[in-house]
Amino acid sequence: MKFVILGKDGPEGAQKRQIYRDAHLKRLEAWAQQGKIILAGPLTDKMGSLIVVESESLEEVQAFAKNDPYTLFGVFQEVTIHPFLQVFPTANHSPKPGK
């Protein structure tokens, strides 16, 4: 099952993001190696981050988000998690290389 994690930055999020970025990316990489990260990145309006994951349970995703350095050290002031159903693109409708 897929889930969307939305992390809303706190007042000092931009400054703290620089400090804890490497630890945050290391944690994402560990999940990516398990095939659990679909996509992740900061919102370009500077409001926070979006992470889409694949997991067996909401509890696993909650624990992942709760123990992320961005949550632990106050980059995120609020984290919400939503179940997500990918409708498009479908597995047999992937983008053409170079597009």
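Counting every other Cβ atom within 10 Å of each residue's Cβ, 68, 22 order from fewest to most as 22, 68.
For Rg/Rh (Cα atoms, Kirkwood Rh), the listed values are (1) 1.10; (2) 1.03; (3) 1.00; which was obtained by calculation from the structure presented? The value matching this structure is (3).
Dipole check for the chain: with +1 at the C-beta of Lys and Arg, -1 at the C-beta of Asp and Glu, and the Cα centre as origin, the magnitude is about 340 Debye.
Scanning residues 5 or more positions from residue 48 or on other chains, those with amide H under 5 Å from its amide H are 9, 43, with H placed 1.01 Å from N in the peptide plane. Phi angles across the stretch 72-84 convert, under the Karplus curve 6.51 cos²θ - 1.76 cosθ + 1.60 with θ = phi - 60°, into 3J(HN,Hα) values of 4, 10, x, 5, 8, 8, 8, 10, 10, 10, 10, x, 9 Hz, Gly and Pro given as x. Can you give the angle from 0 to 90° between the axis of helix 13-33 and the longest principal axis of the chain, with both taken from C-alpha atoms, to the nearest 10? Roughly 40 degrees, rounded to the nearest 10.
Values in this text are rule-based calculations from the coordinates and carry no lab data. Bear in mind the structure is a predicted one, so any value in this text is a computation, not a measurement. Every residue, glycine among them, receives a Cβ derived from its backbone with ideal geometry; neighbour counts consider all protein chains shown.
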